[in-house]
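The values are calculated or read from the model by the stated rules, or taken from the named source; none is laboratory data. Please read all numbers here as calculations on a predicted model, not as lab measurements. Note that we place each Cβ from the backbone using ideal geometry, even for glycine, and neighbour counts take in every protein chain shown.
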There are 2 protein chains.
Amino acid sequence: MAEPFRLGIAGLGTVGASVLRLLADRHDEFAMAAGRPVHAVAVSARDRSRDRGVDLSGLGWHDDPAALAERNDLDAVVELIGGAEGPARATVTAALAAGKPVVTANKALLATHGLELARRAEEAGVALVFEAAVAGGIPIVKTLREALPANRLNRVSGILNGTCNYILTRMEQEGLTFAECLAEAQRLGYAEADPTFDVGGFDTAHKLAILTSLAFGTAVDAEAVYVEGIASITPLDLTMADELGYRIKLLGVATRTEAGIEQRVHPTMVPKSAAIAQVGGVTNAVAVDGSAVGELTLIGPGAGGNATASAVLADIVDVARGIRRPTFGVPVGQLTSPVRAPMQRHEGGYYIRLSVRDRPGAAASIALRMAEQQISLDSILQRRPKSSPNASDGTADRVVPVVLITHATTEAAVRRALDAVLLDGHIVGDPQVIRIEKE
Amino acid sequence: MAEPFRLGIAGLGTVGASVLRLLADRHDEFAMAAGRPVHAVAVSARDRSRDRGVDLSGLGWHDDPAALAERNDLDAVVELIGGAEGPARATVTAALAAGKPVVTANKALLATHGLELARRAEEAGVALVFEAAVAGGIPIVKTLREALPANRLNRVSGILNGTCNYILTRMEQEGLTFAECLAEAQRLGYAEADPTFDVGGFDTAHKLAILTSLAFGTAVDAEAVYVEGIASITPLDLTMADELGYRIKLLGVATRTEAGIEQRVHPTMVPKSAAIAQVGGVTNAVAVDGSAVGELTLIGPGAGGNATASAVLADIVDVARGIRRPTFGVPVGQLTSPVRAPMQRHEGGYYIRLSVRDRPGAAASIALRMAEQQISLDSILQRRPKSSPNASDGTADRVVPVVLITHATTEAAVRRALDAVLLDGHIVGDPQVIRIEKE
């Protein structure tokens, strides 16, 4: 059998520990898959004394991961530290500078510095691979990079953050508020103490930016992603969605439009009959629309030590086999600069929930403002509080929810109409606007 | 840029024509993906004069595909003829003997002669790849072969035949009979004039045997697949399934059990909440259960010229890049001989529909026969004809459907119980037995 393939592993959190454990437990299977034995020879982490449930004896130890990356007895470096800057970036940069292939699970790093790192990998003539960076155990990177060369892709979208999907699933199932479900997710370890990065949609945006580059052959452009999180979703929105035949998911969506590449992350109403609507809890899903293949959907675990390690180890085997493809599917010089489609140009259907002062003529006035912007309404639902079924009892200050479902229109038209509605004084507070995806 | 990669294409049906068209339309994209230009130089088909909507000028023509395979100006042979024997087998054998990589979409050939062909490919030191042979455009072969080395797989299952799924979907949606929906599928070109191969489950069995080999590292063993088709499914079964919270799908399922590898194809009740239950029409889906990753589900088009060509072309690009992996994921010498788990050992829940003579004590007698075999019942449903809601009106010859749902039991116990029920004389005709999958 060929020479062993020697790994340095930087970062020994949950994923790093799983990678080490699986490398040991399935040594023979990896040797068969890679055509050569694969093993770790050195590691780096912050705390040498911590018990990670894996045997570190016989492995070199480095407090500085960049120093690990420079060891001359390594065939590849596995970066599992995380974060767009600091030690993760230093480690990957050092490894590529030393001419070593890199396997990483670091979405923030790739979303922020992916183009630069891809260029360095290309110059060094080594692989830079990152299956685990997007959608955990789902082989979406391999699929986009290798399985679809016959396709011009039109759209890639997905549930890319398990924390948000867990919270929305629990809100829907239990009728609880966002805050209650977030607290539950934090208790269960599905959400961080500071949840902003997840629930604000930023983690999804990083992953989407990477998928966009792979799908459309464009340079990673995370700053072009329009981002809304899920904190404003209420139990009433989920109830209304249910009545209308929808579920609410935080989707990342990248679309090829006439105005350019549109990248957006926001709560989205998807038909209950769609496969993606069945994806509950911490599970992830990615759908791809290609010119030849049509629609492909991949569903699976988006996080967890072993599921993420599964993706890392698939990359390791590819690299050990000597396979090297361009980082984002095409050579860096041929990645195009995406034309950003501004969110104002987005076209689609909308769910709009307003808190309307319960006065005669309010609904008609709102409908008129929509019509002025050429917005065609699919339906208007007015929900009366159960305690007072009568609309005309004269309590001018009472507020009732009114839901509008629009046919396809533009974001700009919706915003103009809502500005006019606000000026009319019929509504209280901010309108809730949720975009609808028909597929 | 590197030397062009020259293809010979044997078989110019829908898929072959799509491959030629896409190669021409996306020439630059394939060159970029493969790192070298990719083009067809020669083709073979039965009828030279037929208009396929693609330009064959400049391409060599061969009436005999095996002669095509032996041309010395080809870098790979693409076999799209179909069939386990005859010209398809001769072409692939000739190509491998000439030391040429082979790309094929031929599930029957692989299910029947896969082991022998994998050995020949290995001896010749060339790739034999077949993404398009299973589940059309879904990259399940790549996923099983490359994305999951960290996993011991426990189960692979799927909707692998679009014809059957189309018929079952229509029966469910419209309340039509099998025969009516089959005729409709034939009119629409979704079913052959002789539909036996599809609706009898044999096509699914071929595909399952290939997936089993990839998933478990076992030699292809298509003869070990237990097969039942969908012709016996009635509208009443679909109605009862719906009431019980299930849909009926023709699944291929391969499981690692204590008794060995169990491979089976039969109509299956799946919970409506499962992602696979949402897969309607001609769409395919494959689910994989792995020790590290957990459950992965891939959904997409299982047939169609362009979708299948999309898979063929992904293989072509891999081969053009010089990538060669063992045909079934591990070297032929390390494929194990599967221990076949006989269907009698299958364990699971069952839906049993009986046509019961409407006499006092019939249901109790049936329940007793189940109890004798230690079969625990989840529920018993008795459906009265709407015209006569009263059970005790004395018409001894009237027959009513009775549905039993069992908890997990064995196939053998169910068969013994049903034999006893038959002998008791309470039922008319054959019992309908549909296995239930909880996941």
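Filtered by the rule that a residue be surrounded by 23 or more Cβ atoms within 10 Å (Cβ to Cβ), among the basic types (Lys, Arg) and either under 13 Å from B:Glu172 (Cα atoms) or not assigned by TED's automatic domain parsing to the domain that holds B:Leu160 (or both), region B:240-277 gives a lone residue, B:Lys249. So is A:Val54 within 31 Å of the chain's Cα centre (by Cα), farther than 25 Å from A:Pro326 by Cα and not assigned by TED's automatic domain parsing to the domain that holds A:Val225 or not? Yes. Close contacts from region A:358-376, counting a first residue that is assigned by TED's automatic domain parsing to the domain that holds A:Leu422 and a second that is among the acidic types (Asp, Glu) and part of a loop (DSSP other than H, G, I, E, B), with Cβ to Cβ under 9 Å and a gap of 6+ residues or different chains, come to A:Asp358/A:Asp393; A:Asp358/A:Asp397.
Hand me the list of strands (runs of 3 or more DSSP E) wholly inside region A:1-88 holding 1 or more residues that are within 14 Å of chain B (Cβ to nearest Cβ), surrounded by 17 or more Cβ atoms within 10 Å (Cβ to Cβ) and without any contact (Cβ under 8 Å) to a residue 12 or more places away in the chain.
Details: elements: A:5-10, A:38-44, A:60-62, A:76-79.
Hits in region A:1-88: none.
How many residues does region A:119-137 hold that are part of a loop (DSSP other than H, G, I, E, B) and more than 14 Å from chain B (Cβ to nearest Cβ)? First the steps, then the outcome.
Step one: filter region A:119-137 for residues part of a loop (DSSP other than H, G, I, E, B), giving A:125-127, A:130, A:134-137.
Imposing the further condition that a residue be more than 14 Å from chain B (Cβ to nearest Cβ) reduces the set to A:126.
Qualifying residue count, region A:119-137: 1.
With respect to the conditions (1) outside the structural domain of A:Val279 (by TED's automatic domain parsing); (2) crowded, with 20+ Cβ neighbours inside 10 Å, A:Leu160 lacks only one, and its number is (1).
A:Asp198 fulfils the conditions (1) touching a Cys at 6+ places or on another chain (Cβ under 7 Å); (2) in a helix (DSSP H, G or I); (3) in contact (Cβ under 8 Å) with a residue 40 or more places away in the chain except for a single criterion, (3). Scoring A:Pro331 on the criteria (1) within 7 Å of chain B (Cβ to nearest Cβ); (2) over 23 Å from the mean Cα position of the chain (by Cα); (3) surrounded by fewer than 21 Cβ atoms within 10 Å (Cβ to Cβ) leaves a single failure, condition (1). Residues that are closer than 23 Å to A:Ala412 by Cβ and in contact with a Pro (Cβ under 7 Å, 6 or more places away or on another chain): find the strands (runs of 3 or more DSSP E) completely inside region A:253-361 holding 1 or more of those. Here the list reads A:260-271, A:347-357. All conditions in (1) outside any strand (DSSP E or B); (2) within 14 Å of chain B (Cβ to nearest Cβ); (3) under 24 Å from A:Ala224 (Cβ atoms) hold for A:Ala150, with the sole exception of (3).
Would you confirm whether or not region A:172-189 contains a residue that is more than 14 Å from the chain's Cα centre (by Cα), in a strand (DSSP E or B) and within 14 Å of chain B (Cβ to nearest Cβ)? For region A:172-189, residues more than 14 Å from the chain's Cα centre (by Cα), in a strand (DSSP E or B) and within 14 Å of chain B (Cβ to nearest Cβ): absent. Looking at region B:90-109, is at least one residue surrounded by 24 or more Cβ atoms within 10 Å (Cβ to Cβ) and of a type in the set (Gly, Ala, Ser)? Looking for residues that are surrounded by 24 or more Cβ atoms within 10 Å (Cβ to Cβ) and of a type in the set (Gly, Ala, Ser), one finds at least one in region B:90-109, hence yes. Looking only at region B:244-278, residues that are touching a Gly at 6+ places or on another chain (Cβ under 9 Å), aliphatic (A, V, I, L, M) and modelled with pLDDT of 95 or more come to 5 in all.
Considering (1) crowded, with 24+ Cβ neighbours inside 10 Å; (2) more than 7 Å from chain B (Cβ to nearest Cβ); (3) more than 21 Å from A:Leu160 (Cβ to Cβ), the lone condition that A:Val286 does not fulfil carries the number (3).
Taking residues in region A:90-105 that are over 19 Å from A:Phe5 (Cβ atoms) and assigned by TED's automatic domain parsing to the domain that holds A:Val126, and partners anywhere that are among the hydroxyl-bearing types (Ser, Thr, Tyr) and in a loop (DSSP other than H, G, I, E, B), not one pair has Cβ atoms closer than 9 Å while being at least 6 places apart or on different chains. Being among the acidic types (Asp, Glu) and surrounded by 20 or more Cβ atoms within 10 Å (Cβ to Cβ): is that true of A:Glu123 here? It is false that A:Glu123 is among the acidic types (Asp, Glu) and surrounded by 20 or more Cβ atoms within 10 Å (Cβ to Cβ).
Only one of B:Asp315, B:Asp237 is buried (at least 20 other Cβ atoms within 10 Å of the Cβ), among the charged types (D, E, K, R) and within 14 Å of chain A (Cβ to nearest Cβ). Can you tell me which?
Details: B:Asp237 fails: within 14 Å of chain A (Cβ to nearest Cβ).
Among B:Asp315, B:Asp237, only B:Asp315 is buried (at least 20 other Cβ atoms within 10 Å of the Cβ), among the charged types (D, E, K, R) and within 14 Å of chain A (Cβ to nearest Cβ).
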